[in-house]
Amino acid sequence: MRIKDVLARAKAGDAKAMEDILLRFDRLIRKVSMDHGVVDEEIAQEVREEFMRKVRRRIEKTESHAKEKPAP
């Protein structure tokens with residue numbers, strides 16, 4: 001499934017979609033959380049939390065923009 005589709009599900013309120021987004025990016029999150037070649041789990045958790053906050057904000061922002069646009 002494309003990320004665009006998963007984001008659309010999340011925007012529709014699908015909690016599983018949010019989990020899918022996190023799983024899709026977990027490898028990258030773990031990579032940026034490495035310290036001397038070892039994943040620092042505390043840092044990884046902080047990165048996950050911030051990442052999910054950003055995703056939620058982005059979804060909320062796109063929802064508010066959609067509400068502001070007049071229908072054609």
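The values are calculated or read from the model by the stated rules, or taken from the named source; none is laboratory data. Quick caveat: nothing in here was measured; it's all calculated off a predicted structure. Neighbour counts are summed over all protein chains in view; Cβ atoms, including those assigned to glycine, are modelled from backbone coordinates with ideal geometry. Quick note on the areas: whole protein, heavy atoms, side chains included, nothing else; ligands and nucleic acids left out. Shrake-Rupley method; radii C 1.70, N 1.55, O 1.52, S 1.80 Å.
When the residues of the stretch 11-47 are filtered to those that are touching an Asp or Glu at 6+ places or on another chain (Cβ under 8 Å) and in a helix (DSSP H, G or I), which remaining residue is modelled with the highest pLDDT? Steps first, answer last, please.
Applying the first criterion (touching an Asp or Glu at 6+ places or on another chain (Cβ under 8 Å)) to the stretch 11-47 yields 11, 33-34, 43.
Now narrow it down to the ones that are in a helix (DSSP H, G or I): 11, 43.
Values: LYS11: 89, ILE43: 95.
Going through the qualifying residues, I end up with ILE43.
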The stretch 56-72: number of residues that are open to solvent by 80 Å² or more (accessible area, probe 1.4 Å) and modelled with pLDDT under 70:
7
For the stretch 9-21, name all the residues that are of a type in the set (A, V, I, L, M) and exposed (fewer than 15 other Cβ atoms within 10 Å of the Cβ).
ALA12, ALA15
Complete set of residues in the stretch 27-55 that are within 18 Å of the chain's Cα centre (by Cα) and surrounded by fewer than 15 Cβ atoms within 10 Å (Cβ to Cβ):
ARG27, LEU28, LYS31, VAL32, GLN45, GLU46, GLU49, GLU50, ARG53, LYS54
Taking the stretch 21-66, which residues are more than 13 Å from LEU7 (Cα to Cα) and among the β-branched types (Val, Ile, Thr)?
ILE29, VAL32, VAL38, VAL39, ILE43, VAL47
Taking interchain pairs and intrachain pairs at least six residues apart, which have beta carbon atoms under 9 angstrom, with the first residue in the stretch 50-68 and over 18 Å from ASP14 (Cβ atoms) and charged (D, E, K, R) and the second modelled with pLDDT of 90 or more and open to solvent by 70 Å² or more (accessible area, probe 1.4 Å)?
none
